[in-house]
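Each value in this text was obtained by applying a stated rule to the coordinates, not by laboratory testing. If you're wondering where the values come from, they're calculated on a predicted model, not measured in any experiment. Cβ placement follows ideal geometry from the backbone for every residue including glycine, while neighbour counts extend to all protein chains displayed.
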Amino acid sequence: MRHQTILKTLIISLVMSLFLLSPVSAKGEMNLSPVPKPVAEYALPFPGLLPTHPLYFIKNLRDRFLILTTADPIRKSELFLLLSDKNLAMGIQLWNEQKKTESIKAFKQGENYMFQSVQKLIETKKTRTLPPGLIDKVELSSKKHEELVRGIIDSSTDSGDQDQLKEVLALVRQARSEISISK
């Protein structure tokens with residue numbers, strides 16, 4: 001008997017929640033929202049020191065040292081991807097601080113790293129098996145890069161900035177097409 005009471009309560013709760021969560025308004029009309037724009041679900045890392053910081057050169061030296069000393073091509077590709085994502089995050093932060101020149105330099109450097117990551121993966125794939133999901137991760141990152149750079153282009157009013165950002169977007173698209181072909 002007690003189990004039946006609990007079961008009835010659960011069923012009533014379920015039915016009530018369905019009515020409360022339905023997209024139909026009080027007038028019986030469907031509440032349709034516009035289709036959301038697809039967003040790449042990819043979190044960018046914290047950019048660290050910005051080029052405007054006096055100790056940035058140390059970070060830059062460290063990055064170059066890591067690139068030179070990383071021998072494994074898969075690890076090197078992952079390093080290029082990380083540096084690419086960090087430069088994108090850095091560029092966004094600089095853009096928001098109205099430091100457009102430094103921002104565009106960071107975007108370009110980031111997309112060069114993205115392209116190097118893709119090239120290293122393609123080169124490595126010819127000789128050995130890649131870890132599962134690595135190509136998908138690079139592809140998702142490149143989608144996020146394209147989405148964010150396109151958003152900045154759309155928000156920019158300076159045609160000179162837009163032209164330079166379109167060059168950055170071309171680099172992103174080139175990397176994306178390379179990674180798509182290699183799948």
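Comparing TYR56, ALA170, LEU130 along the charge dipole axis of segment 56-182, the residue lying farthest to the positive side is LEU130, per the Cβ-charge model.
For the pair THR127 and ALA71, label points projected 7 Å from Cα toward Cβ lie 1.2 nm apart. In segment 56-182, the ratio of gyration radius to Kirkwood radius, Rg to Rh, stands at 0.99 when only Cα atoms are counted. Our coupling estimate for segment 102-111, obtained by passing each phi through the Karplus curve with A = 6.51, B = -1.76, C = 1.60 and θ = phi - 60°, is 5, 4, 5, 4, 5, 4, 4, 4, x, 6 Hz, Gly and Pro reported as x. Legend: distances between Cα atoms for LYS59/LYS120; LYS144/LYS183; LYS105/LYS125; pairs beyond 28 Å are LYS105/LYS125.
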